[in-house]
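To keep things clear, I will list the structure first and then write my remarks on it.
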Amino acid sequence: VQLVESGGGLVQAGGSLRLSCAASGSTFSINAMGWYRQAPGKQRELVATITSGGGSTNYADSVKGRFTISRDNAKNTMYLQMNSLKPEDTAVYYCNAIHRDSYSGSYYPRGSWGQGTQVTVSS
């Protein structure tokens, strides 16, 4: 599956953005998916996950209540609606298929990374 992220940009604090992740191939609908972000000088972190059918979602505490992950399997596309943005949300955002380790409960990326989309929030 190839993934292309889009929708990033420059926004003032308190503003909103909607990111999209377009997937090629026929396996998108069977994969759980996640949005990651990487800020300068920091490790890539997982911020939101969604099951293959879209029925269950999870969020990092830092974005809970502000971000909403969703997907449209008919369009092979996943979204991240980001509201009440803060300067600390500034990062490159990536999407990927994810695998949940049944023993540890941790999520791991399954595929290769796309180029990501830059989100910059000014104060």
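The values are calculated or read from the model by the stated rules, or taken from the named source; none is laboratory data. Nothing here was measured: the structure is a model prediction, and the numbers come from that model. Note that each Cβ is placed from the backbone with ideal geometry, even for glycine, and that neighbours are counted across all protein chains shown. Each accessible area value is taken on the protein alone, full model and side chains, heavy atoms only, with ligands, DNA and RNA left out. Shrake-Rupley method; radii C 1.70, N 1.55, O 1.52, S 1.80 Å.
Just a few scattered comments:
- Charge context of G25, other residues only, Cβ under 14 angstrom, K/R +1, D/E -1: +2
- Rounded, prolate or oblate (a/c below 1.5 giving rounded, otherwise prolate when a/b exceeds b/c) for the chain by Cα gyration tensor: prolate
- Each part reduced to its alpha carbon centroid, region 1-39 and region 94-123 end up 9 Å apart.
- Per residue, the average separation of C-alpha pairs within less than 8 Å and at least 6 apart gives the chain a relative contact order of 34 percent.
- By definition, a body whose alpha carbon gyration tensor gives a ≥ b ≥ c is prolate when a/c is 1.5 or more and a/b is larger than b/c, and region 75-123 fits this prolate description.
- Reachable lysines from K75, criterion Cα separation under 29 angstrom, eight or more residues apart if same chain: K64
- Per residue accessible area of the chain, 1.4 Å probe, in Å²: 54 Å²
- A cut-off under 9 angstrom between Cβ atoms defines the neighbours of Q38, and their net charge, with Lys, Arg +1 and Asp, Glu -1, is +2.
- V1 paired with Q118, simple spin-label distance in nm, labels 7 Å along Cα-to-beta-carbon: 2.7 nm
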